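K.L.:
Below is the structure I would like to discuss, written out as structure tokens.
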Amino acid sequence: MRSETGHGLTAFREAGVDEYVIVVETGYKEASAAHRVSFTEPMPRREAETMFLEIMDGRHEELLPFRTNRFILEVSHTEFVQVQQNMGGSVVLDRVTLTRRH
């Protein structure tokens, strides 16, 4: 799921650089347990921030599926929620979080 930027992941880890992961939680619906949690491979901060913004812009559908009638709520600079309102009032919520791996 992670794109290579020319930096070897092993060298990146050995250099003591902080690792960042994007956590994607999809398909939250009221009274339903049919949601999914996935996350990216660890990556450098700049790469993670770029990918986070790309996900918010609707790219990387393999991580966050495109939903019609959706809007984005930016919770913070490291978290956003995608909300889809369906006919009849049902709501589907997806949450994406950029986090540092410890």
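The values are calculated or read from the model by the stated rules, or taken from the named source; none is laboratory data. Computed from a predicted structure; not experimentally measured. Positions of Cβ are generated from backbone atoms using ideal geometry, with glycine treated the same way; all protein chains shown enter the neighbour counts. For the accessible areas, the whole protein counts, side chains as well, though only heavy atoms, and no ligand, DNA or RNA atoms are used. Shrake-Rupley method; radii C 1.70, N 1.55, O 1.52, S 1.80 Å.
K.L.:
What's the number of the condition Gln82 fails, among (1) polar (S, T, N, Q); (2) under 26 Å from Asp18 (Cα atoms); (3) over 10 Å from the mean Cα position of the chain (by Cα)?
P.N.:
Here Gln82 meets the rest and fails (2).
K.L.:
Would you say Arg13 is of a type in the set (Lys, Arg), at pLDDT 95 or above, outside any loop (DSSP other than H, G, I, E, B) and within 23 Å of Arg101 (Cβ to Cβ)?
P.N.:
Numbers: of a type in the set (Lys, Arg): yes; at pLDDT 95 or above: no; outside any loop (DSSP other than H, G, I, E, B): yes; within 23 Å of Arg101 (Cβ to Cβ): yes.
No; evaluated as a whole, the condition is false for this residue.
K.L.:
Using the structure shown, decide if Leu64 is farther than 20 Å from Glu19 by Cα and exposed (fewer than 12 other Cβ atoms within 10 Å of the Cβ). Full working, then the answer.
P.N.:
On the way: farther than 20 Å from Glu19 by Cα: yes; exposed (fewer than 12 other Cβ atoms within 10 Å of the Cβ): no.
Against the criterion (farther than 20 Å from Glu19 by Cα and exposed (fewer than 12 other Cβ atoms within 10 Å of the Cβ)), Leu64 does not qualify.
K.L.:
In the stretch 73-91, how many residues are in contact with a Phe, Trp or Tyr (Cβ under 7 Å, 6 or more places away or on another chain) and surrounded by 14 or more Cβ atoms within 10 Å (Cβ to Cβ)? Don't jump to the end; show me each part of the working.
P.N.:
We begin by selecting, within the stretch 73-91, every residue in contact with a Phe, Trp or Tyr (Cβ under 7 Å, 6 or more places away or on another chain); these are 73-74, 83.
Now narrow it down to the ones that are surrounded by 14 or more Cβ atoms within 10 Å (Cβ to Cβ): 83.
Here the count works out to 1.
K.L.:
Shifting gears a bit: Determine whether the stretch 26-36 contains at least one residue that is closer than 13 Å to Val96 by Cβ, open to solvent by less than 40 Å² (accessible area, probe 1.4 Å) and modelled with pLDDT of 95 or more.
P.N.:
no
Table: residues versus (1) touching an Asp or Glu at 6+ places or on another chain (Cβ under 9 Å); (2) part of a strand (DSSP E or B); (3) among the β-branched types (Val, Ile, Thr).
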site	(1), (2), (3)
Val17	no, no, yes
Thr26	yes, yes, yes
Ala34	no, no, no
Val37	yes, yes, yes
Thr50	no, no, yes
Phe66	no, no, no
Leu73	no, yes, no
Phe80	yes, yes, no
Val92	no, yes, yes
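K.L.:
Do we have any residue at all in the stretch 91-102 that's free of Cβ contacts under 8 Å to residues at least 24 places away in the same chain and over 17 Å from Val21 (Cα atoms)? Spell out how you get there, then give the answer.
P.N.:
Going through the stretch 91-102, the residues free of Cβ contacts under 8 Å to residues at least 24 places away in the same chain turn out to be 102.
When the remaining residues are screened for being over 17 Å from Val21 (Cα atoms), the result is none.
No.
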